Structure formats: C-alpha cells, structure tokens
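Have a look at the structure below before the remarks.
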Amino acid sequence: MKTILKVMMMTGVLAITAGCGQKKSDFKYLLDEFADLKVMRYQIPGWDELSLQQKEYAYHLAEAAKWGRDIHWDQNCKWNLPIRHTVENILENYKGDRNSKEFQQFVVYAKRLFFANGIHHHYAEDKFFPECSQAYFKSLMEAVGDGSKCAELLPVIYDPNTLQQRRSTSTDGDIVVLSAGNFYEGVTRAEVEKYYESIEDKTDETPIAYGLNTKVTKDSKGNIVEIPWKIDGMYGPAIAKICEELKLAAACAENDIQKRALGLLVKYYETGDLRIWDEFNIEWVKDTIGTVDFINGFIEDYNDPLGRKGAWEGYVNIKDHKASERSVILSANAQWFEDNSPVDPRFKKKECKGISAKVINAVCLAGDAYPSTPIGINLPNADWIRKMYGSKSVTIANITHAYDYAAQESPTSTLDEFAWDEAEKAFYREWGSWADEIHTDLHECLGHGSGQLLPGVATTAMGEYSSALEEARADLFGLYYTADPKMVELGIMPNKDAYKAEYANYIRNGLMVQFTRVELGRPNTEAHMQNRKLIAEWCYEKGAKDNVIEKKVRDGKTYFVVNDYEKLRNLFAQLLAEIQRIKSEGDYEAGKYLIETYAVNIDPALHKEVKERYEALNLKPYGGFINPDIVPVEKDGKIVDYQVVYNDDYLKQQLDYGKKYSAL
Ligand SMILES: [Zn+2]
C-alpha cells in the first residue's frame, strides 16, 4: 500500500526519457529554490484529448481536492491555520520595506510553511524556524493589524521547546503526548491504545479502519471520546464544500461505477461511517475503465505516531494509455511472480488477483499530496479489501518526468559525486532511469500486493514498525525481480545487465546519499528511508565475508561499490523471505530488531561527510509542485471547454488557494 516518494536517487542525473516519449521542450520545470526545497511544475499530457464531459468531471474533482487543503493544515498541528492566516496577511498587506534582508528571510519562512502545510518540515517532521528575528516578525504582525495574536503565535513559531516534532519519534517519552499533530489531545498513548483495544472486534475478518477519521480526546467527565471528521463534525465546513463538488462531479462521471463510488464517498463524509468508507473503496477499486480517477479522503497514516489517523489527501489524475502497457504486462503475470518469489510458500497468495496497474498523469495535487507529492500510489490501504477486491497501483509519469527534467536544469548531480568511477556513472546514465522506473513498477504493481498474513495475525501486529517493514517488503520484491531473466523475456527489461544500474544506485542511496536528507545528529526516522537503510545495511553486513558490497575511500571520500551482483540478489531474496515471514507471522520482536539494528542509527562520521559533500553540490533534496489551473471557458453563458493554464508563481498559487479555498 502507500505512496512512494520521489527520492534523491534520480536527482541531477541525465537526459534519458525512457518509456515516456515526451521531449523536453521550452517549458521550464524548475521554478523556485529555497532552504532545502525546490518547487517545480508539471505538464498534463493527454488533457486536450479528453472529452468536454471528462474535463468537467476532472474539474469538479480538482475543486473537491482543493477544498480539503485546510483540513490537512489543521491535522498537521492545530496552530498551523492561525499562523498561515497571519503570514498571508503579512504577504498581502505589509507596506514596509520588502527588499530588506529580514523581510526576505520572512518570505523564505513563508515559502517553507506553505511547502510543509504547517510549521513542521514535511519530511523530517521537526519544527523549522524563521531566520528573521522574533522582534522583526512581531513588527510585521503589528504592522498588518495582527498585534493581538503575537503573544499566542510567536512562541509557537519560535520556541524550540514546544511542539518540536509533528510525529514524535521519542524512544523514552510518550509519542502521543509529544506529537504536535492534531490527532490526539489530552490523552496518553496508553489511554488511546486501551480505548481502541476495547472497541476493536478482533474476530471481524473485514475490519473497519478504526480511528481513521477522528480526533481522540476526553470529554468533560474524563472519558475517551472520538470527534469524527464529517460534515456535521470537526472540519464540517470544508467537508461540506468537498461534498458539493463531489456531487457536481458525480453528475458528469464517465460511468456508473464512478457515480456509485462518489455517492458512497459523499455518504461517508455525511455520516463518518467507516463501513461506508470501505464500500466506497470497493467500488473505487472496481473502476478500472475510466480515464479520469481520483483520491479524496483521509488516506495515509504515516503522520500518526500510532499509525491510525488518515491525513487528508486529494489527487486527480488521468490515465496515460500508452505508457500503461508495461504495468499491464506485469499485473497479467502477477501469479507467476508470486509463485516464484523466494518466500516461504505458506506466506504466498494462492490466488493473486485484481492488481490493476496503470500509468497516470497528475491533474491536481492537494492536501497531503501537495506540494510534495508521490510518484507512485497503491490504494486502498485496508488489507482485506486488497485481498478480496484487489487494489489500484499507479505510477505517475508526468511527475517523474518533471523531476528528471528539473534535475537536468541543474548543473551538478549526486551521481557524479557519489558513484565510484566513470564506468559506474556511464552505466547508470545508460540504464539507470529505465531500471529505476521498472523497480518502481514492481514495487507498486506487485510488491505491496504480494504475500499473505497467516490466519489470526492482525494487520496492526507490526505496530510502529509496520510502514517501514511494508515498504522494505515491496522494495525487496521489486529489487529481486528487477534482475530476473523473466523481465527480459517479458520485454520489460532491455537486457540481462541493466538491473545492475538500479542495484548499484540502491546501495549507494541506502547506505549514503539519502542521509543528505537527515539533519546531522538526528536518527533516520522516515519509513521509506528506514526501509532503504535497512535493506542496504543488512546486505552490506551479511555480504561482508564475500565482499559483496565494498566500502572504498579515495581522497577522504567514502564510496560503496557493488562487487557481486548475483550474490547481492541472493541477499535481497533472503531478506525478502525474512520480512515476509515477520509480517505473515506477526513477529513484532523480529521486525523491531531489524528496524532498530539496521534502519535508525546513522554513523555520525559518514553522515557528516555525506552532508558536506552534498552541500557542496548545492542541490535541494526535496521537491514539490504547483498545480496548473483548470479554467472553465465560457461562450454565450455556457461552458464550452476547460483549459489548462500553467502557472509559474509558487507564492501566488498559495495565496490564491488561501483566498479561494479557505473553509476553516
Ligand atoms: Zn510502497
């Protein structure tokens, strides 16, 4: 399940446009860079081929997506919206000197705030701070009539000791109490866990996602209560607007399945009933024939320290018919891959079905998917729905390509810095982009959908380690098969060696390059990054006696070089088998051991070196996007078309959204 985030691996690489057929035109992809972030934009190939009805459908879905923006801001921390409002006020109305160094520092803070949908880094989840002084910030607030809010908001912005992390990763403190996210208030981890323990029906084979769409707190008598996120509950005004647009969308849907799905989604937003959410997902999975598709709801649980609460997310996309062929081949062979995987037969699915895989182009990103956005999606998240009805697995072509093109607009690359020699670089330049895309396809189309739990094992058995282990499982499945002769036979891999580009790259990234994204002195906490470190470190250690991966040092710089690709593939197979066993048996202790031994702690000296080498490249580790506008074209009082207008002003889009889609 879950989303794949675009990672450093590809950044700054090359001019390969494998499999996409798009040519780099004069369209400028890279718009803005600040702090550790870059803002890009994307094109929507295929938009002009849509019918008017399809465009109208996509338009209303996009409006519904954008109306959820404030929900996500508030979920991230309850202070985010008040802070955003004051920042908007300053950006719009400040009449003083806007060229001063301090004002520019304030603008950078504003841009970071918009990028993160709040005061915590979107990825690292630590609070970040303005570079301008608190006194200056105060003067700005006073200048635009927000002086009365200073006492309340400035400590939230500036005090390093409050609301430190959005999702706490503390190992000795209470992660519920310490998390700044707005999923829990006035309750402890033990209380929350006891509460869910008491309401969960463990015998239910089709369990609802308990707690997905609520905030947990206490009533006046001290009892634990859930406040639902629904039309007459918390976030009601935003949800009402979402429902309005979803109804308009339903009226011009492409087919009856979409209509039924949207009807159920609205009903779910009206009732908060998670059974209806499941019914919606089942219907949504069935729609594999439409061209326009969407995500709208409380989806991923990464931001919740206990892995229950869904971050609000909106996403509208259209199918890329040509590019979808490759993943169609993979999913048509899903059973072969399942049968031949290196895991214990007891943990394999007897029948692999319903994995619908396609390539899409994003039309609108919103909520948890904006501006930072995934390059692959696999939903729904409920294990039993995936098992009984299948799931939708997509890779997002126009976003991936925008990353590659934006990287080409930059003069330096991590490949040049971290790869050992010219041969390795040249090989990566030739095959890396291709192999990387195929690995992503395997991860999404087959990896997450593979394997099964033994009867009686709870889907939540892995607790706080579940996301990282699940990502590792999907990645390993993909890595193992990227090198399989079957891939060449199916016409997916161009030759039997191309996979080596991905293997070398994966190890380089997992052992080294990705640490550029972690602050010095901090542990590695994000699920996808933990997964990569776990895999790379485990293979490095287990392969040491055979020198499978060699650590080399030249001119004081560290490199990791793969010496034996076949043995590395065997190591991937062993670890895949072990992680599948852990998940299938619900072996929490073994899962915990893997993560804590291999995934968390970064060697301080190496970390420092990597950060320094990376800094010298002057690249930005995180990327995000602004959306094109979809603009109705009127003629004689009737809408005759919806045109895509490509913006190039990041702050303007943020301020426009603040004005247009402000519901909370
Ligand atoms: Zn994944």
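Brief remarks on what is shown
- Positive contributions from Lys and Arg (+1) and negative ones from Asp and Glu (-1), summed over other residues with Cβ under 12 Å from the Cβ of residue 253, come out at -3.
- Anisotropy class of segment 150-292 from Cα gyration tensor, a/c 1.5 cut: prolate
- Segment 573-610 and segment 336-404 have Cα centres spaced 23 Å apart.
- The stretch between residue 350 and residue 204, if pulled fully straight at 0.36 nm per residue, gains 50.4 nm over its current Cα-Cα span.
- Segment 236-263 and segment 453-499 have their alpha-carbon centroids 35 Å apart.
- The chain, relative contact order in percent, only Cα pairs under 8 angstrom and at least six apart counted: 20 percent
- Residue-count net charge about residue 495 - beta-carbon cut-off 14 Å; Lys, Arg +1, Asp, Glu -1: -2
- Förster-model FRET efficiency, 25 Å R0, residue 659 and residue 232, C-beta, rounded to 0.05: 0.45
- Between residue 597 and residue 563, the simple spin-label model (points 7 angstrom out along Cα→Cβ) gives 2.3 nm.
- Ordering 394, 51, 170 by the projection of their Cα atoms onto the charge dipole of the chain, which places +1 on the Cβ of Lys and Arg and -1 on the Cβ of Asp and Glu, puts 51 at the extreme positive end.
- Fraction of beta bridges assigned by DSSP in the chain that are antiparallel (%, nearest 5): 75 percent
- Shown here for segment 212-242: trypsin sites (Lys or Arg not before Pro) in loop regions (DSSP other than H, G, I, E, B) with at most 14 other Cβ atoms within 10 Å, namely 221.
- Links that overshoot a 25 Å alpha carbon limit, given the list 66/652; 259/635; 111/149; 221/267: 259/635; 221/267
- Which of 297, 407, 369, positive extreme of dipole for the chain (C-beta unit charges): 407
- Taken about its Cα centre, segment 69-193 carries a charge dipole of about 440 debye when Lys and Arg each add +1 at the Cβ and Asp and Glu each add -1 at the Cβ.
- Taking other residues whose beta carbon is less than 10 angstrom from the beta carbon of residue 140, and scoring Lys, Arg as +1 and Asp, Glu as -1, yields -2.
- Fraction of beta bridges assigned by DSSP in segment 356-491 that are antiparallel (%, nearest 5): 45 percent
- The chain: C-alpha gyration tensor shape, a/c 1.5 cut-off, then a/b vs b/c: rounded
- Inter-label distance, residue 174 to residue 497: 6.0 nm, where each label sits 7 Å from its Cα along the C-beta direction.
- Low-density loop cleavage sites - trypsin sites (Lys or Arg not before Pro) in segment 352-420, where at most 16 other Cβ are within 10 Å (DSSP): 353
- About the Cα centre, charge dipole magnitude for the chain (Lys/Arg +1, Asp/Glu -1 at Cβ), debye: 220 debye
- Taking a ≥ b ≥ c as the square roots of the Cα gyration tensor eigenvalues, segment 310-425 comes out oblate, since a/c reaches at least 1.5 and a/b does not exceed b/c.
- Dipole-positive endmost among 316, 265, 385 within the chain (Cβ charges, Cα centre): 316
- Net length gained if the chain between residue 649 and residue 129 were fully extended (0.36 nm per residue, minus Cα distance): 184.9 nm
- Least to most buried among 490, 534, 52, 113 (fewest other Cβ within 10 Å first): 52, 490, 113, 534
- Counting only lysines at least 8 places from residue 322 when in the same chain, those with an alpha carbon closer than 19 Å to its own are 23, 24, 358, 392.
Values in this text are rule-based calculations from the coordinates and carry no lab data. This structure is a prediction, so every number in the text was calculated from the model and none was measured. Quick reminder, even Gly has a Cβ in these numbers, built from the backbone with ideal geometry, and neighbours come from all protein chains shown.
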